[in-house]
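Student: Take a look at this one; I'll ask things after.
Taken together, the values in this text are just the output of simple stated rules run on the coordinates, not laboratory data. Predicted model, so just to flag it, every value in this text is computed and none were measured. So basically every Cβ, Gly included, is an ideal-geometry build from the backbone, and we count neighbours across all protein chains shown.
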Amino acid sequence: MTRRFALIIDPVDASEERADFAETFTVVDAAAPALSVGELSTQRGDGVFESIGVVDGHAQEVIPHLERLANSARLCDLPVPHQEQWRQAVAVAASECPAGESVIKLILSRGVEHGPTPTAWVTAAPASDFTKVRQVGIKVVTLDRGYGLDVAERAPWLLLGAKTLSYAVNMAALREAHRRGADDAIFLSSDGFVLEAPTASLILRFGDRFTTPAPTGGILHGTTQLSVYEHLAENGLDAGYDRIPASDLPRADAAWLVSSVRLAAPITTIDDVDVPVDHALTSELNHYLLSPRD
Ligand code: PLP
């Protein structure tokens with residue numbers, strides 16, 4: 001492929017009955033300007049997105065990503081995407097991806113200021129090389145998210161369960177983690193519970209039980225975490241959702257940050273406290289995550 005690929009979607013109503021959406025796609029030069037300066041995605045971060053991992057041309061877990069995109073759109077009062085239209089757009093982008101790992105991004109923006117419709121586009125690009133991170137692991141620090149665990153219920157306008165384009169806070173948290181000598185961060189609620197990382201879900205193992213914070217609205221429900229849980233269940237392992245106090249972190253027997261493109265990154269330290277790394281399981285999990293998944 002050219003290094004990058006981009007396609008603009010003319011979004012149709014979610015109820016439209018049509019088999020082929022090819023004529024609603026316009027392939028554009030990914031290296032050339034394509035958006036209006038009035039775009040609300042760039043002016044205000046007003047929109048939602050998804051990042052899908054692609055392995056050897058196979059886009060992973062497309063339907064769970066499209067379902068989360070629709071959920072994010074609903075939470076943001078954006079028109080709900082037509083699932084089949086977006087599925088076909090992802091298929092076109094995936095067909096442009098070469099062997100190896102790529103990333104497809106889906107963006108649904110509020111549109112141009114005072115304009116009538118949302119703007120939507122899909123891109124494909126080579127993924128960064130995470131081979132070393134998956135093997136060696138990452139150091140993380142905990143950071144206060146500044147909200148209590150019940151905030152999603154109390155203040156739904158904060159859009160915490162939506163994957164919005166407003167990631168400036170998440171990026172600032174990563175920079176703070178780097179300043180503290182770590183690779184990544186785990187957000188804690190202000191009442192002391194474990195949430196998620198700025199761009200990943202957290203999975204912990206205590207003894208024989210795998211656990212992750214319950215996605216009750218304050219965090220994103222990760223497609224990779226769901227996929228890992230299916231895999232663990234198939235192998236007869238106990239995996240569930242819990243309210244996890246931050247004070248439990250130092251006694252974790254293993255921990256991972258998981259996300260669609262980086263996949264399973266084993267955590268080696270949390271706030272400078274060593275966490276045991278289960279190399280065999282980590283490599284098995286990444287092997288599974290790199291296999292075609294639907
Ligand atoms: N939580 C946040 C805040 C994220 O940004 C992401 C991914 O970007 C995730 C969790 C993990 O989601 P997924 O596994 O679907 O990539």
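Student: Rank TRP256, LEU289, ALA22 by how far each Cα sits towards the positive end of the charge dipole of the chain (+1 on Lys, Arg Cβ; -1 on Asp, Glu Cβ) and give me just the farthest.
Tutor: Positive-most Cα among the choices belongs to TRP256.
Student: On to the next question. Quick one: helix 168-179 against the long Cα principal axis of the chain, what's the angle to the nearest 10°, folded into 0 to 90?
Tutor: It works out to around 40 degrees.
Student: Checking the a/c ratio against 1.5 first, then a/b against b/c, what shape does the Cα gyration tensor give for the range 50-189?
Tutor: The shape class here is oblate.
Student: Next question, about the same structure. On a 0 to 90° scale, report how tilted helix 83-95 is relative to the longest principal axis of the chain, with both axes built from alpha carbons and the result rounded to the nearest 10.
Tutor: Tilt relative to the chain: about 80 degrees.
Student: Please give me the summed charge of the neighbours of HIS58: other residues whose Cβ is under 11 Å from its Cβ, Lys and Arg +1, Asp and Glu -1.
Tutor: Charge balance in the 11 Å sphere: -3.
Student: OK, next. Within straight cross-link reach of LYS105, meaning Cα distance under 20 Å, which lysines are found once same-chain residues fewer than 8 apart are removed?
Tutor: LYS163
Student: Taking the Cα centre of the chain as origin and charging only Cβ (+1 Lys, Arg; -1 Asp, Glu), how large is the dipole, in debye to the nearest 20?
Tutor: That gives a dipole near 680 debye.
Student: If you take the beta carbon distance between SER247 and ASP278 as r and set R0 to 22 Å, what does 1/(1 + (r/R0)^6) give as a FRET efficiency, to the nearest 0.05?
Tutor: Calculated value: 0.50.
Student: So what is the calculated 222 nm ellipticity per residue for the chain, using -39500 (n - 2.57) for each DSSP H run with n of 4 or more, over all residues, to the nearest 500 deg cm²/dmol?
Tutor: Roughly -7500 deg cm²/dmol at 222 nm, from the helical runs in the chain.
Student: Could you give me the ³J(HN,Hα) list for the range 12-21, computed from phi with Karplus coefficients 6.51, -1.76, 1.60 and θ = phi - 60°, whole Hz, x at Gly and Pro?
Tutor: Along the range 12-21, the couplings run 9, 4, 4, 8, 5, 9, 7, 8, 10, 9 Hz.
Student: Another question about this same structure. Please give the length that would be gained between LYS105 and ASP294 if that part of the chain were fully extended, namely 0.36 nm times their separation in residues minus their C-alpha to C-alpha distance (nm, one decimal).
Tutor: 66.3 nm
Student: Taking the mean number of other Cβ atoms within 10 Å as a proxy for protection, how do you rank 3-10, 79-86, 16-23 from highest to lowest?
Tutor: 79-86, 3-10, 16-23
Student: Given a Förster radius of 41 Å and the C-beta distance between VAL27 and VAL169 as r, what FRET efficiency does 1/(1 + (r/R0)^6) yield to the nearest 0.05?
Tutor: 0.80
Student: What FRET efficiency, computed as 1/(1 + (r/R0)^6) with R0 = 30 Å and r the Cβ-Cβ distance, is obtained for ARG180 and GLU113, rounded to the nearest 0.05?
Tutor: The value I calculate is 0.20.
Student: Place a point 7 Å from the Cα of ALA14 along the Cα-to-Cβ direction; which residues of the range 54-79 have their backbone N under 17 Å from it?
Tutor: 63-79
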